[in-house]
Each structure stands twice: as C-alpha cells, then as structure tokens.
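The values are calculated or read from the model by the stated rules, or taken from the named source; none is laboratory data. It should be emphasised that the depicted structure is a prediction, and the values quoted were computed from it without experimental measurement. Here the Cβ positions follow ideal geometry from the backbone for every residue, glycine too, while neighbour counts run over all protein chains shown.
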Amino acid sequence: MIVDSLLSNAKAYLNREIVDCNLAIENGKIFKIGKEAHMPQADETTNLRNLLVLPGLIDAHVHLRDEGKAYKEDFYTGTAAAAAGGVTTVLDMPNNAPVTMSAETLRNRMKIAEKKALVDIGFYSEFPASTDEIASIVAEGAMAFKLFMACQIGGLNIDDDSALENAFSKVSELNVPVVVHAEDRALLATAEEKLKKRRHHDAAAFLEAHSENVELKAIERLLKLGAKTKARLHICHVTTSTGLAAVAEAKKAGRAVTCEVTPNHLLLSSEDFKRYGSLFAIMPPLRSSNHIEALWRGVTDGWVDIIGSDHAPHTLKEKTASSIWEVKVGVPGLETTLPLMLTMVHKNRLGLATMVDLLSEKPARLFNLTDRGRIDKGKRADLVVLDFNRKFKVDAAKFHSKAKYSPYNGWELQGKPVKTFVNGLLTMDEGEILAKAGSGEILRRNHA
C-alpha cells in the first residue's frame, strides 16, 4: 500500500512520552506510527529532522469576527493566525454582528466560514429569546451555548433566574454544555456608573469596577443554577482565587463544571495594565499577583481544565480611546499561546504533559471532539511541529491576524511552531500559509 504522506524522523508526543518514530498519513488520518523499516511507502515524505511533534491545539475560546466585524478579523485571517500558532481547531464565540443566536444566523455563519477557513471551526450560539428555538440551533450543529453575564448580548434575560433555569434545563436535556463569561451585570453596572460620575476613566477605575466580587457572585449564581438543572457548565477565563476556589469546591461535590484560564491571566498582571493602559484592557481584567499564583496552583493541581487564548482582535484605534470605558476589550492570542506556554515549560513552570492536556487533550474531551486531541492511530492528522529550543522575539507587525498588536510584543520566547498539519495537509510552514482558503472543515457537534 502507498499512503498519502509520511513524516519521518519525528519525536512525537505519544501517551505522555516523546517517542522517536515515523507517522504515516492516509485520508487525513494517522494510518500508522512506527519505525522506518516498518512504514509503508508514501506519495510524499517530509523529514522532520528530529523536531518535536504534538497534537494540534484545540482553542475553545476564539473570536473570529467576520460578517459585520470583518474589519477587525475574518475567517481567513483568523484561521491563518491559528495555523501559524499551531492551532488546528478553533471554537468561535457568538458575539458577532449579527449575534449568532438562531439556526439561521448559525447556518449563515457556517456558509461564510467554509469558503475561508484554513483550520477546523466549531461554533457557539448565544441563547435565543425563546427556549423553543434551542433544539433547532442544536440540530444545526452548535458546539455549545454561550452566556455572557456582564451585559445583555443574546436573547435570554441574564437578570432573570427563572429564565436562565428554564434555558439550562433545556440544554441539559439535549446534552449540550453552557459556556459562560462569569461577571455579574448588576454589580458591574452599578460600579461603572459611580466611577463615571466621579470622572474616573483610567485603568484603576476599570479594575475597581471589575472587582473580584463581580466574578465570584456570577460564578456562585451559576453553580446554584447548574446544581438545580444538571446543566454542564464551563466557566471561561477564570481570573480570581475565590472564583477558582468556588469551581474547585463544586468539582469536589461532583458537579458537572469545568473551567478555563487564559495565558493573559497567567502571565500579565494588573500592574502591567496600569503601566501600559488601554492596550492591555481585557474582560475580566488582569489581576494582582496573588490571583495569578492561585491560577498557577489551579493548573498544577488539576482544577483548571483547559487553556484558551480568548483571541479577541480589534483595530488599534479601538484600543486607544482616551477613556477606558470607550476602549474595546481584548487582545489577539492565537499566534502567541503555544510559544508562551512552551516558554513556561522551559522555565519549569509547566510540565509538557500538563501543557498538552490543557491545550489539546482536555478540550477534545470537553467538547466531544473524539477524533482529535491526541496523536494515535485512527485520529485526525492534526499536528504541530515544534522547534522546541528556538528562541525568537514576538513581532506583532508580522501577525497573520488583522490585529497587529500584542501585550507580548518584543518578548523573547523559546519554542516555535514551524509546521502545522490540518487533516494531514501541510497548512503552515515556517510562518508561511500554504493551504488554500476553505481547506479547513466546519464542525457540527456530536451530541450523543
């Protein structure tokens, strides 16, 4: 038999070990893993020269924009950024223009994406106004429902516990997760209004408004609703010691809850935000060192389930308003997540096995992506090849994303993605995108 391609002289991460091997790929899947003498012939052979091969990253928190927000990012530039960062699957958030919150808006978004995508994309939906529409959105293939608690975005009234309980019960019946931005709207709005009246418009005011309690109150409310409805909750970008502790206690009690942290909240602090200002504005905001250390302990102790980039591109103009309340929150992250985490591996802050769990294996399990997340026979050939020891400086001007800025600009990192294979196709090679638009696939959730 002659297979499609062969990756020779690889150091592949297999079953928590690094193994010298060759990888045969056929029809986009890993056909065989073994020594050179036992491998089939191939139409094409790539010598990886002993570079490290990991499963492609699954980034469950990405804002690809497009449609009415295509000036910030589109499906091509966003997935090019993903491929450049070793990310082979992304899950797209629904706060778009129009908001993804019906079978029709989801279907339209998928149609646009399938012509542009370079990596695989799954889609979240916001909750519709009527729970009667939830089933049709699920049937269309939504990966999960997103609930943004800091302000009203979807059709569900975020201030009405009975409405939330009803919606959570419905998605629980359909075995679909609820993914949540946990900040309490009422507390946040009250604090923000007071600060604006006092004419406080700086980073310190933003931090005061987005207090630790704003996150904790939302998480505690969610956990009560989850316990009542048996809904599977996933808390995005946890940032505080108290918020993480509440999630950990719920896990100990056997609740169906998971959580995510971002590289930003592990590596940047509120002091960085005060020093550099609006460019570093994200929601929830950067925190003080005690919270950062608590998140790292959560990573080490296993309370944190996944790392997501929260890739949230904006124009530079949108990031530089004079008042912090006018600044668009978020920074790009698809091209920096993996190198940042590899640098933490080099600094002995993070084990390689833990990193792969957080970035590939656990996201696959969490979102029922059973065909990816590990290097194994029969799995999709979604792979990232690393020059593990290569040092380089982050240059945001060279990002594939439309957002040419980064809080990490100028940082020296160690560990660089040099090749990305999506479904067996060499999509990125040394920073250059080789695949054609539309080579990525649109994912529809398997709700079994």
Sort through Lys377, Lys393 and tell me the only one that's surrounded by fewer than 17 Cβ atoms within 10 Å (Cβ to Cβ), at pLDDT 95 or above and closer than 19 Å to Lys29 by Cα. Lys377
Please work out if Ala135 is out of contact with any helix residue (DSSP H, G or I) (no Cβ under 7 Å at 6 or more places or on another chain), at pLDDT 95 or above, assigned to a helix (DSSP H, G or I) and buried (at least 24 other Cβ atoms within 10 Å of the Cβ). no
Considering each residue of region 188-229, count those that are farther than 30 Å from Arg365 by Cα and surrounded by 21 or more Cβ atoms within 10 Å (Cβ to Cβ), and give that number. 5
Flag for Ser270 being within 22 Å of Val214 (Cα to Cα), of a type in the set (Gly, Ala, Ser), surrounded by fewer than 18 Cβ atoms within 10 Å (Cβ to Cβ) and modelled with pLDDT of 95 or more: no
Restrict the check to region 64-81 and report whether at least one residue is β-branched (Val, Ile, Thr), at pLDDT 95 or above and either within 19 Å of the chain's Cα centre (by Cα) or not assigned by TED's automatic domain parsing to the domain that holds Asp132 (or both). yes
Looking only at region 171-187, filter to residues that are over 25 Å from the mean Cα position of the chain (by Cα) and either surrounded by 20 or more Cβ atoms within 10 Å (Cβ to Cβ) or hydrophobic (A, V, I, L, M, F, W, C) (or both); which one of those is farthest from Ala135 (Cα to Cα)? Leu187
Filter result (surrounded by fewer than 19 Cβ atoms within 10 Å (Cβ to Cβ), in contact (Cβ under 8 Å) with a residue 24 or more places away in the chain, in a loop (DSSP other than H, G, I, E, B) and on the phi < 0 side of the Ramachandran plot) within region 22-50: Pro40
Tell me the residue from Glu133, Glu165, Glu140 that is charged (D, E, K, R), within 30 Å of Ser401 (Cβ to Cβ) and in the same structural domain as Met101 (by TED's automatic domain parsing), please. Glu140
Report, by residue number, each residue of region 251-288 that is part of a helix (DSSP H, G or I), within 23 Å of the chain's Cα centre (by Cα) and not charged (D, E, K, R). Pro263, Asn264, His265, Leu266, Leu267, Ser270, Phe273, Ser278, Leu279, Phe280
For residues that are more than 20 Å from the chain's Cα centre (by Cα), under 15 Å from Ala437 (Cα atoms) and of a type in the set (Lys, Arg), tally how many sit in region 97-123. 2
